[in-house]
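Before any comments, here is the structure.
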Amino acid sequence: MARLQERYKKEIQSTLATELEVQNPMAIPKLSKVVVSMGTGSPANDKNRLESALGDLTKITGQKPQIRRAAVSVSNFKLRKDMEVGCRVTLRGKRMFEFVDRLINTAIPRLRDFRGLNPKSFDGRGNYSMGVPDQTIFPEIDIARITHSQGMNVTFVTTARSDSEARALLSHLGMPFRKTGE
């Protein structure tokens, strides 16, 4: 069992139950999945960009990414329908908790000029999205072998019914949210 998953089951669940005044243990908010995606843009600009993104995302998440294709053609971006424009990984279970643990404890502290995550990036249904400006904050990536600096999006999907419940869950998991007064 992952370290963060074990801590969730032993400590965080009971703390959330008392804090949110939930009697039913099945109604306690939990993390259901984490989606990590990288958009590489039009392959007309650089064909090798998608391969490097696939390799980096595989190293970071420990799972093979799914290639995403363009839904529509956009002539201004030299983009045609069904061109490969990015990749994503959906993490669940043990891999999800291991990734979140590495993200919170190893990667986020390596961000330059970091003052906390935006507390307003919730979607109204208890899910949180954040952007990572560069893949090099992860220790799995060898900086000497980087050909393209690539950002990524990370979405935390929870079973929380509201943003306040999700914020409480993610705060207890260790997400460093920015104080609202700053």
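Observations on the structure shown:
- Only Cα pairs under 8 Å and 6+ residues apart enter the sum, and on that basis the relative contact order of the stretch 35-114 stands at 34 percent.
- Counting Lys and Arg as +1 and Asp and Glu as -1 over every other residue whose Cβ lies under 14 Å from the Cβ of Thr61, the net charge comes to +4.
- Taking all Cα pairs closer than 8 Å and separated by 6 or more residues, the relative contact order of the chain comes to 29 percent.
- Each listed q (0.23 Å⁻¹) maps to a log10 I(q)/I(0) for the stretch 1-105 from the Debye sum over equal C-alpha point scatterers, namely -1.14.
- Averaging the sequence gap over all C-alpha pairs within less than 8 Å and six or more residues apart, then dividing by the number of residues, gives the stretch 1-69 a relative contact order of 13 percent.
- Checked against a 27 Å cut-off, the cross-linked pairs Lys10/Lys94; Lys30/Lys120; Lys33/Lys59; Lys64/Lys94; Lys94/Lys179; Lys10/Lys120 give Cα-Cα distances beyond that limit for Lys94/Lys179; Lys10/Lys120.
- Applying the Kirkwood pairwise sum to the alpha-carbon positions of the chain produces a hydrodynamic radius of 17.7 angstrom.
- Separation of the stretch 1-43 from the stretch 132-162 is 19 Å, based on Cα centroids.
Coordinate-derived values only; no laboratory data. Keep in mind that what you see is a predicted model, and the values were worked out from it rather than measured. When we count neighbours, we look across all protein chains shown, and the Cβ atoms used for this are built from the backbone with ideal geometry, even at glycine.
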